[in-house]
Amino acid sequence: MKICVNLRSAIVAFFTVLMLVSGSFFNVVFAQPVTAPANIEKLKQMKVSGTDLNIPPVPQSGKTADAIRANLKKVNLPPGFKIELYAIVPDARHMAVAPSTNMLFVGTRKTTVWAVTDRDSDGVADEVKAFAPSLKFQVPNGVCWTPDGFLIVAEHNRVLNFPAAEFFYEGPDVAVIEVVPQGKLIPVEEESYNHGARTCRVGNDKKLYITLGQPFNVQPREKLKIFDEWGIGGIVRMNAFDGTGREVFARGIRNSVGIEINRKNGDVWFTDNQTDGMGDDIPAGEINRATKAGQFFGYPWIQGKTRITEHGYDKDPLPANITAAEVLTEAHAADLGLTIYTGKKFPAKYQGGIFSAQHGSWNRTTPIGARVLFTALKADGSAGKTEVFADGWLNPETRQYSGRPVDVANLPDGSMLISDDFAGALYRVTYVGEAPAKTAQR
């Protein structure tokens, strides 16, 4: 026992000396991350950060890739379509396909933005590596482009802009513009681990649109005023380069994790996720369309056709001028990213329509989702019929997921990408044409 006491005393003495020498034990242990905030100031001045120039790539072959390819054989698609593994991308979330080169950037809910490159243009990525590793990202889920080729990264509480990112991503240091500094997208005291993934698009008006989920299952009444002021539980828009002219574009949204612009008319389409704990079949999920600034989409008083009971919102009269959802989807399927198909390779029925990803339920007695939907658009820009385009990532017998789609994106060659943060992969969907019907033997 005396030996143990002496040993413990020696250990305490050692760490006491270490703290005195270093100034703080925690500064020694956590010294590396402390440099990250300073790095952004260096990059803004076009200076070197000192980060290792070698960025290790993510392996694209082996057991994991083989297993994902085997799982893709279970995915169901309409006749004539094919799905293949495009890239292994850990935690793959929302995607921004580069306008001029054969690559894209992929956000995550962790600390990495991935640069994914198909160097030989064969329809399969050759290289996946971290983008701008000299920076410390925090939930860089949202990625999108300005019309003139600047990459926007929308983090949990910061927005960055990277000039010519698709041409200058080979090294760890890149030019960067702080659109919204750290802690200024929402009040720091409103930061939460829940519903913190942002998505973004630059609209036809060249303003940057960002979705801001509110962090509660249902926000308490005392939060209504501050959320309304900041656009939490809504969509905000601003100048894409300096954050000026910020305004709340849309309100009454619970937690949107998907946004798209209809380039034909400027409409803003977005998904919304449902309130939990009200049962398997309510409330319905939503795909919404905002045709102008200032529209209110009903939350927290109503979602889909369901009045929200938590905090007694169902006892209030419904607010006036609620904009109803364009599409109601099955409850708790978790509608996330969406894109309007702009290619010409898919059959005519799909051209100009919306593809949207359903992540899959976590709180339903019978799981649902893990699929991609297609919604046709009518001549007036409103939604037509919605149908399942791709499924098979959820095994109905075992009730287990082999994949969970997050986002969909157009490739310039007319094919389409699907991201999957569960499998950590991107899939490429192509149309190869239906097999000719067999003639009867005579």
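The values are calculated or read from the model by the stated rules, or taken from the named source; none is laboratory data. Quick caveat, the model's predicted, so the values are computed rather than measured. For neighbour counting, all protein chains shown are included, and Cβ atoms are generated from backbone atoms with ideal geometry for every residue, glycine included. Ligands, DNA and RNA are excluded from the accessible area calculation, which covers all protein heavy atoms including side chains. Shrake-Rupley method; radii C 1.70, N 1.55, O 1.52, S 1.80 Å.
Miscellaneous remarks
- Which listed residue is within 19 Å of A132 (Cα to Cα), open to solvent by 10 Å² or more (accessible area, probe 1.4 Å) and out of contact with any Ser or Thr (no Cβ under 6 Å at 6 or more places or on another chain), from T101, T64: T101
- The criterion of being open to solvent by 10 Å² or more (accessible area, probe 1.4 Å) and not in a strand (DSSP E or B) does not hold for E178.
- The set of residues from region 104-145 being open to solvent by 10 Å² or more (accessible area, probe 1.4 Å), among the β-branched types (V, I, T) and within 20 Å of G258 (Cα to Cα) comprises T111, T112, V139.
- Filter result (farther than 23 Å from F355 by Cβ, open to solvent by 10 Å² or more (accessible area, probe 1.4 Å) and of a type in the set (S, T, N, Q)) within region 249-298: Q295
Results for (1) among the acidic types (D, E); (2) open to solvent by 70 Å² or more (accessible area, probe 1.4 Å); (3) within 25 Å of R198 (Cβ to Cβ); (4) part of a strand (DSSP E or B), shown as yes or no for each residue.
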residue: P300; (1), (2), (3), (4): no, no, yes, no
residue: D314; (1), (2), (3), (4): yes, no, no, no
residue: L318; (1), (2), (3), (4): no, yes, no, no
residue: L328; (1), (2), (3), (4): no, yes, yes, yes
residue: H332; (1), (2), (3), (4): no, no, yes, no
residue: L338; (1), (2), (3), (4): no, no, yes, yes
residue: K345; (1), (2), (3), (4): no, yes, no, no
residue: G352; (1), (2), (3), (4): no, no, no, no
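- Long-range neighbours under 7 Å by Cβ, at least six apart or interchain, first residue over 11 Å from T211 (Cβ atoms) and in a loop (DSSP other than H, G, I, E, B) within region 270-290, second open to solvent by less than 10 Å² (accessible area, probe 1.4 Å) and among the hydroxyl-bearing types (S, T, Y): P283/T275
- Qualifying residue in region 149-171 (condition: under 20 Å from the mean Cα position of the chain (by Cα), surrounded by fewer than 19 Cβ atoms within 10 Å (Cβ to Cβ) and either assigned to a strand (DSSP E or B) or in contact (Cβ under 8 Å) with a residue 12 or more places away in the chain (or both)): yes
- Single condition G203 does not satisfy, out of (1) within 30 Å of D314 (Cβ to Cβ); (2) among the small types (G, A, S); (3) in contact with a Phe, Trp or Tyr (Cβ under 7 Å, 6 or more places away or on another chain); (4) surrounded by fewer than 24 Cβ atoms within 10 Å (Cβ to Cβ): (1)
- Within region 408-434, the only residue that satisfies the criterion of being of a type in the set (F, W, Y) and in contact with a His (Cβ under 9 Å, 6 or more places away or on another chain) is F422.
- Criterion applied to K136, K207, K129 was being among the basic types (K, R), closer than 23 Å to K44 by Cα, touching a strand residue (DSSP E or B) at 6+ places or on another chain (Cβ under 9 Å) and in contact (Cβ under 8 Å) with a residue 60 or more places away in the chain, and the one residue passing it is K129.
- Residue selected from region 370-405 under the condition of a type in the set (S, T, Y) and not in a strand (DSSP E or B), by the criterion most open to solvent (accessible area, probe 1.4 Å): T398
- Residue list for region 75-101, filter: among the aliphatic types (A, V, I, L, M) and outside any loop (DSSP other than H, G, I, E, B): I83, L85, A87, I88, M95, A96, V97
- When F168 is tested against (1) touching a strand residue (DSSP E or B) at 6+ places or on another chain (Cβ under 6 Å); (2) over 19 Å from G266 (Cα atoms), only condition (1) is not met.
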